[in-house]
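One structure below.
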């Protein structure tokens with residue numbers, strides 16, 4: 001079960017603005033205004049002015065997730081996170097190396113920015129890990145990196161909803177579990193290998209759900225988001241939640 005039952009559903013759905021231009025991102029954010037209150041800005045928008053957009057969204061009262069997946073030497077990561085903390089975002093991702101995680105925690109200082117560790121990308125499956133030289137299972141690697149993140153003082157992890165139940169049991173109630181690879185009931189998986197529906201993810205223990213293409217590529221993004229929110233509300237009202 002999720003540890004975030006006190007957070008409104010509208011703030012637990014994170015709409016991923018993974019689109020090719022700032023104009024399109026602003027249009028989607030405007031279409032979702034009031035229905036969705038949390039937006040992800042990733043690497044696609046970063047070189048186009050993603051930081052400026054993050055400040056705009058924060059200024060209008062929305063929450064922002066900077067999915068920048070920092071990976072570099074510790075000192076560089078620490079300085080980058082210090083810079084990111086000034087933007088006013090709520091979440092920032094870094095990769096799951098111990099030095100990077102510790103540097104990121106140091107870099108955020110006393111700000112309210114929450115550091116999330118990327119465990120294993122949801123586009124990867126067991127065959128992909130084998131090609132990369134990992135002999136263990138995806139689940140084992142996810143848990144290993146999540147525990148490292150917890151020990152380093154991170155606030156949460158990015159992981160597939162398929163690992164959420166195991167992570168919740170291992171990490172306890174306080175660590176955030178943020179899950180991409182969410183597809184509404186009947187939706188296409190696209191290039192994601194480890195997916196779940198919104199209801200399944202929440203029941204498994206996810207705190208926040210990241211949804212991109214099913215919303216931003218929809219003919220009516222707002223209607224698509226509202227349908228996902230309805231699935232989430234139904235899951236949260238389940239007596240077993």
Fill in the blank from the handout: Listed residues 58, 160, 21; largest mean-square fluctuation, Gaussian network over the chain with Cα springs below 10 Å, found at 21
Handout entry: Percentage relative contact order, the stretch 9-236, counting C-alpha pairs under 8 Å, at least six apart
Key = 19
Exercise for the section: Sort largest first and round to whole Å: the equivalent ellipsoid semi-axes of the stretch 9-236, each the square root of five times a Cα gyration tensor eigenvalue. Expected result: 25, 22, 16
Handout entry: Most mobile of 135, 111, 123 in a GNM of the chain (Cα contacts under 10 Å)
Key = 135
Fill in the blank from the handout: Rounded to one decimal in nm, the spacing of the 7 Å Cα→Cβ label points at residue 137 and residue 98 is 2.5
Practice task
Can you pull a Stokes-Einstein diffusion coefficient for the stretch 49-122 at 20 °C (1.002 mPa s), Rh from Kirkwood over Cα pairs, as a whole number of µm²/s?
Solution key: 175
Completion exercise
For the stretch 1-112, the Kirkwood Rh over every pair of distinct alpha carbons, in Å, works out to 14.7
Handout entry: Residue-averaged 222 nm ellipticity for the chain, from DSSP H runs of 4+ at -39500 (n - 2.57), nearest 500
Key = -12500 deg cm²/dmol
Problem - FRET efficiency, 1/(1 + (r/R0)^6) with R0 25 Å, evaluated for residue 234 and residue 58 via beta carbons - result: 0.25
Exercise for the section: Report the paramagnetic label zone for residue 43: residues of the stretch 60-92 whose backbone N is under 14 Å from a point 7 Å from Cα along the Cα-to-Cβ axis. Expected result: 67-72
Handout entry: Among 26, 213, 145, residue whose mean-square fluctuation peaks in a GNM of the chain (springs only between Cα atoms under 10 Å)
Key = 26
Problem - Full-extension gain in nm, residue 83 to residue 69, via 0.36 nm per residue minus C-alpha separation - result: 3.6 nm
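Values in this text are rule-based calculations from the coordinates and carry no lab data. None of the values given here were measured: they were computed from a predicted structure. Glycine gets a Cβ as well: all are built from the backbone with ideal geometry, and neighbour counts include every protein chain shown.
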